[in-house]
Amino acid sequence: MITLSEYFMTILITCMIVNLGLALYGVFFKPNLIKKIIALTILGDTANTFALIIGYRMWVAGVPSRPPVFTEWRSNNPLLLFVFTKTAVDPLPQALVLTAIVIGLAVTLFLVFLTLQAWKIYRSVDMRDIRRLKG
Amino acid sequence: MSYGEAFLLGITALAAIFSTIATYMAIMERDLLKAVIFSAIQSTIYAFIYYMLMAPDIDLVYIPVAVGLYPAVIIALIKKTTREEKP
Amino acid sequence: MKHWIGICILILTILAISFVVAANINVLVPSTNVRTLAEIYLKYTYYPWDKYFTAMSPEACTSIVWDFRGLDTVFETMVFYLAIIGAIALARGVPLKLPREIKGELGLSLIVKTVTKIVPVLIIAVAGSIALHGHLTPGGGFQGGATAAVAPVLILVVFSQFYLLKRGVNKNSMLLLRSIGLTGIGITAFAAVLIGLATGHYAFVLQNQPKPLAPDISLPAFVGGQLISGSLWFFNFFEFLAVAAGFTIVFLLITLPEKLAEAKEEKHVAEGGEK
């Protein structure tokens, strides 16, 4: 039997798979280097979203899942900590994605400088022109 | 079955469908400046999806990077190179 | 509009495929449990009853990033700086200095400039708050640094690059700030080892709270009643400096007005000067 939550979650995952396919199409088949960079950022974001979906936790018996931040730490109450452990989402994919986004920005900046260098030498950012000019 | 969860995930699924539209437009658009703006729209929707997936940390790093810095850098690159993508 | 036909086909395909998939198998949907490792992280992120396993930070992400998996993040910072250094090396040899005379008004209109005088201050304040509260609320060094890097971009676009250069935000000062940040990360990583060497105890690199094999050395979790979670506060602060300065260098280089520089160079050469 299909529940509404599962259907919506499946829509989310299918949309992400379609985004991944579109971004891969952009990276592989678009000849323009700037378009390739844009598609590469979308590809990286979509891959990060998959990591977050793996770490997500559905609601446990009607209790909403919560971010992995133990906000009641001042109370020093082990029971609240137990409830937190049983309802919070997985923090590990979030910690990995966090550094992945910043490193992705640095790598994209490197690619932007490479594209700028290609423009200075060939006066074109189109792969077909660059291939023709320098065989 | 909890309707609250279905409601929140339904909003997330709707946002995901809009993100697919934005991605499609960003990949297929010939004008690179418009493509960057569609990519920024897609990033905004992704930030909302991350918020619904209970990841506030990712949101805080994703909004400045993907909505602020990526478009700024790529628009600077477009300004120095060309705006039109040749068919 | 030929785009709309493709979009409609795409959405209908998504809805149909997800209905078929969700009705038959539900392996794609996350379960109501997380993995055992995640439960251990969630339990021990703030657990003052057992000092040997906890990170003493209520924020699980920051405690994983800088304590449980701290060595990973140190190497990730290295990858990040390799990419930044590669970008700087590609842009080398380009002059990044003030022209002798600037004619006319640079940048956008007066209204935009007046608004932009206020906004970067707010951005920097929010970024500092995100970075320095990273062990209590969502946030941390990477988030704060990325947020702070938006302010120089705004000033670069609205006021032109010479405004920043005239006020000392140039490549060398940002390199200095970045070096301070990276040195701080290194010192914080070795702090427990240095204390252990001075006092003659056994300690680990990247150690925060006492460990079963090194029970004598620990960085203080509370300072004056405030929770600073040992090394996490220092890591967040220095990573904030390093990330913000590293991005600012690259943005200074990418928005360089090269046409202006080339025109000046040609004029200089045409007038008989050396290249």
Report task. Look at B:Asp59 and say whether it is free of Cβ contacts under 8 Å to residues at least 24 places away in the same chain, more than 9 Å from chain A (Cβ to nearest Cβ) and more than 19 Å from C:Phe251 (Cα to Cα). Result -> yes
Report task. Kindly indicate whether B:Tyr70 is farther than 16 Å from A:Leu22 by Cβ and open to solvent by 10 Å² or more (accessible area, probe 1.4 Å). Result -> yes
**Report entry** Hey, A:Gly44 more than 9 Å from chain B (Cβ to nearest Cβ), small (Gly, Ala, Ser), within 14 Å of B:Thr23 (Cα to Cα) and crowded, with 18+ Cβ neighbours inside 10 Å or not
**Finding:** yes
Query raised in the report: If C:Leu252 passes every condition in (1) modelled with pLDDT of 90 or more; (2) crowded, with 17+ Cβ neighbours inside 10 Å but one, which one does it miss?
Result: (1)
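Residues checked against (1) part of a helix (DSSP H, G or I); (2) closer than 30 Å to B:Glu84 by Cβ:
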| site | (1), (2) |
| --- | --- |
| A:Leu43 | yes, yes |
| A:Thr46 | yes, yes |
| A:Ala51 | yes, no |
| A:Ile54 | yes, no |
| A:Met58 | no, no |
| A:Leu80 | yes, no |
**Report entry** Within the range C:153-204, considering residues that are closer than 18 Å to C:Pro220 by Cα and hydroxyl-bearing (Ser, Thr, Tyr), the one nearest to the chain's Cα centre (by Cα)
**Finding:** C:Thr188
Query raised in the report: Mind checking which pairs have a first residue in the range A:54-80 that is more than 9 Å from chain C (Cβ to nearest Cβ) and a second that is crowded, with 18+ Cβ neighbours inside 10 Å, Cβ under 7 Å, 6 or more apart or different chains?
Result: A:Val63/A:Thr87; A:Arg66/A:Thr87; A:Arg66/A:Ala88; A:Arg66/B:Met54
Report task. Could you check C:Gly230 against (1) open to solvent by 10 Å² or more (accessible area, probe 1.4 Å); (2) modelled with pLDDT under 85; (3) not hydrophobic (A, V, I, L, M, F, W, C) and say which number it fails? Result -> (1)
Query raised in the report: When you scan the range A:11-41, how many residues do you find that are surrounded by 18 or more Cβ atoms within 10 Å (Cβ to Cβ), within 8 Å of another protein chain (Cβ to nearest Cβ) and part of a helix (DSSP H, G or I)?
Result: 17
Query raised in the report: Do we find that C:Glu258 is at pLDDT below 85, surrounded by fewer than 20 Cβ atoms within 10 Å (Cβ to Cβ) and over 19 Å from C:Ile88 (Cα atoms) in this structure?
Result: no
Query - Any hit, the range A:71-82, residues being under 17 Å from B:Phe48 (Cα atoms), of a type outside the set (Val, Ile, Thr) and crowded, with 17+ Cβ neighbours inside 10 Å - result: no
Query - Matching residues in the range C:27-43 - criterion: being surrounded by 16 or more Cβ atoms within 10 Å (Cβ to Cβ) and of a type outside the set (D, E, K, R) - result: C:Leu28, C:Val29, C:Pro30, C:Val34, C:Ala38, C:Tyr41, C:Leu42
Query raised in the report: Restricting attention to the range B:42-58, does a residue exist that is farther than 24 Å from A:Ile17 by Cβ and either open to solvent by less than 50 Å² (accessible area, probe 1.4 Å) or modelled with pLDDT under 90 (or both)?
Result: yes
Query raised in the report: If we scan the range A:86-93, do we find a residue that is in a helix (DSSP H, G or I) and over 20 Å from the mean Cα position of the chain (by Cα)?
Result: yes
Query raised in the report: What is the one condition in (1) assigned to a helix (DSSP H, G or I); (2) without any contact (Cβ under 8 Å) to a residue 12 or more places away in the chain that A:Ser124 does not satisfy?
Result: (1)
Query raised in the report: Among the residues of the range C:9-26, is there at least one that is in contact with a strand residue (DSSP E or B) (Cβ under 6 Å, 6 or more places away or on another chain) and open to solvent by less than 80 Å² (accessible area, probe 1.4 Å)?
Result: no
Query raised in the report: Among the numbered criteria (1) at the interface with chain A (Cβ under 7 Å from one of its Cβ atoms); (2) part of a helix (DSSP H, G or I); (3) touching a residue at least 12 places away in the same chain (Cβ under 8 Å), which single criterion is violated by B:Leu77?
Result: (3)
**Report entry** Total residues in the range C:154-200, condition open to solvent by 60 Å² or more (accessible area, probe 1.4 Å), among the polar types (S, T, N, Q) and more than 27 Å from C:Ala214 (Cβ to Cβ)
**Finding:** 1
Query raised in the report: Restricting the search to the range C:44-80, which residues are under 18 Å from C:Pro138 (Cα atoms), more than 10 Å from every other protein chain (Cβ to nearest Cβ) and open to solvent by 10 Å² or more (accessible area, probe 1.4 Å)?
Result: C:Asp67
Report task. Would you point out the residue of the range C:106-129, among those that are under 25 Å from C:Tyr46 (Cα atoms) and open to solvent by less than 20 Å² (accessible area, probe 1.4 Å), that is nearest to the other protein chains (Cβ to nearest Cβ)? Result -> C:Ala127
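The values are calculated or read from the model by the stated rules, or taken from the named source; none is laboratory data. Remember, it's a predicted structure, so these values are computed and weren't measured experimentally. Cβ atoms come from the backbone with ideal geometry, glycine included; neighbour counts cover every protein chain shown. Note: areas computed on protein heavy atoms with side chains; ligands, DNA, RNA excluded. Shrake-Rupley method; radii C 1.70, N 1.55, O 1.52, S 1.80 Å.
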